[in-house]
1. Can you give the local net charge around Ser104? Use residues other than it whose beta-carbon is closer than 12 angstrom to its beta-carbon, Lys and Arg +1, Asp and Glu -1.
2. Normalised by the number of residues in the stretch 13-246, what is the relative contact order in percent for Cα pairs under 8 Å and 6+ residues apart?
3. With the Cα gyration tensor of the chain in hand, convert its eigenvalues to equivalent ellipsoid semi-axes via √(5λ) and list them largest first in whole Å.
4. Return a whole-number percent for the relative contact order of the stretch 265-439, with Cα pairs under 8 Å and 6 or more residues apart as the contact set.
5. Given only helices, namely DSSP H runs of n ≥ 4 each adding -39500 (n - 2.57), what is the per-residue ellipticity at 222 nm of the chain, to the nearest 500 deg cm²/dmol?
6. Please list, ordered by chain and number, the residues whose modelled amide H lies under 5 Å from the amide H of Tyr427; skip anything fewer than 5 residues away on the same chain.
7. What are the ³J(HN,Hα) couplings of the stretch 210-219, residue after residue, when phi is run through the Karplus curve with 6.51, -1.76, 1.60 and θ = phi - 60°? Round to Hz, x for glycine and proline.
8. Between their Cα atoms, which of Lys58/Lys340; Lys58/Lys93; Lys261/Lys443 are more than 23 Å away from each other?
Amino acid sequence: MLNFDSDRLKEECGVFGIYTPEFEAARLTFFGLFALQHRGQESAGISVSDGTSLRTRKSMGLVSQVFTEDDLRALPGHLGIGHTRYSTTGSSKVYNAQPIYCQSQVGHVAVAHNGNLVNAIELRDEMEANRVVFDGTNDSEIIARMLAQHIDADPIEAVRIVMSRIRGAYSCVVLLPNMVIGFRDPNGVRPLVAGTVASGHMVASESCAFGPVDGTVVREVAPGEIVIIDKDGMRFEQGIAPDRQAMCLFEFIYFARPDSKMYDTSLYSARERMGEELAREHPVEADVVMPVPDSGIPAALGFSRATGIPFQEGMMKSRYIHRTFIQPDQRIREMGVRMKLTPLVDHIQGKRVVLVDDSIVRATTTNQIVKMMFDSGATEVHVRITAPPIVNPCYYGIDMAHKSELAAAKWTLDEIRDHLGCTSLGYLSIDGAVKAVGQPREKFCLACFNGDYPIAVPKNLSKDAFDLSSRIKTNA
Ligand code: SF4
């Protein structure tokens, strides 16, 4: 059985916000969320405002499963925010779906968040001691309720207060009756980009969300910056002083969609260059270069270009099987998994294969793919990985694994190669990955590769400590 999903890194969330007097915000937000579906497939939600009151619909499932035509019609308004979620803190339950909707002294506020707060536990304890009542178990609700506490005359000032209290990775969108606000943490760990659409403006996790709504990117929201979108247009204000810039390198390697741009760099091109660097760092004689679809495709093309070894697809990934459909019944799960990734035996048989993938986490998926290659008649399988070895967990919003589960943290390179059962193994170096993106090393978070955490993580904090559900009774 090839369990393709168990060992993939999970992106943590996508956010979207729009103000456009000419169009229904709900429909455009729906389109934007489609483009951000890769950032979270567990739940989706949209909040809209008609200028007076806010309405929200959110539920478990993909964007296309959560919203019907009737749902969109029941969300009238020209301002909206949306969210796609993969749970990194808080269990995967509907009460943790976003946007989070709160009553404040001056009306309703809805908030959607991408990232993780490293001081979530102390803030929640403090707020509960002050009789703030929470509905869910995720750290994003802390942001929403803190904002609701302070949002009286000046919402921007309230955002500044929140930014001065929370620590960690956050790219957020906020909906008020007459305003959409976006803000980004002072290290800029998670992406956030602002631009124009029709007669209005928008903000989204990635530039790929602009295409479906015919929007145009103006620029990335800077670290520590707030973007305010209302009837007067779009303006930027500094919310908190920027810290050392530390955008997640994994956004460039794997998480973000290849048709997005970050740091003004096409991610597709950056991934092709990673493949070229990989070929320079770990050359090999082989007959074909094959990607693990879909994320390995640009790097495999780059590897092929740099070496002259022909690129050929070696397996097909079903576009239509989704983890949501893979039920916890073993027999049905096996069927679903076999449908997800199947070998093209004629392309593999008798060949020396270079197999290009984006990352190895626990090494439980890659070894199954290697086995599939040999079972299909490959004579050699040379695994090449565009992410440097992952030796530390992520505390900034990526669901990775415990350190004890990370293959590169517990095994040597030779041991990993033996575990995978491949002929040879090569990882791209940190310098190689950074060079491929084309930005200075100092502009990235590299913590899962080198342990240099740009935002201090409390000592002895386990990855599970962020899941507030283990220690918090919910009202849901
Ligand atoms: S620790 Fe790794 S995955 Fe997490 S933000 Fe930093 S580079 Fe990205």
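1. Once all neighbours under 12 Å are counted, the net charge is 0.
2. Working: 632 pairs, mean separation 51.1, N = 234.
About 22 percent, as a whole number.
3. On the way: eigenvalues 301, 102, 95 Å².
Sorted largest first and rounded, they come to 39, 23, 22 Å.
4. Working: 329 pairs, mean separation 43.5, N = 175.
Relative contact order, the stretch 265-439: 25 percent.
5. Working: 15 runs with 127 residues, N = 476.
-7500 deg cm²/dmol, from helical runs alone.
6. The answer is Ile385.
7. 7, x, x, 9, 6, x, 10, 5, 8, 5
8. Values: Lys58/Lys340 28 Å; Lys58/Lys93 11 Å; Lys261/Lys443 16 Å.
Those over the limit are Lys58/Lys340.
No lab work stands behind these numbers, since they all come straight from the coordinates. Quick caveat: nothing in here was measured; it's all calculated off a predicted structure. Please note: Cβ atoms are built from the backbone with ideal geometry, for glycine as well, and neighbour counts cover all protein chains shown.
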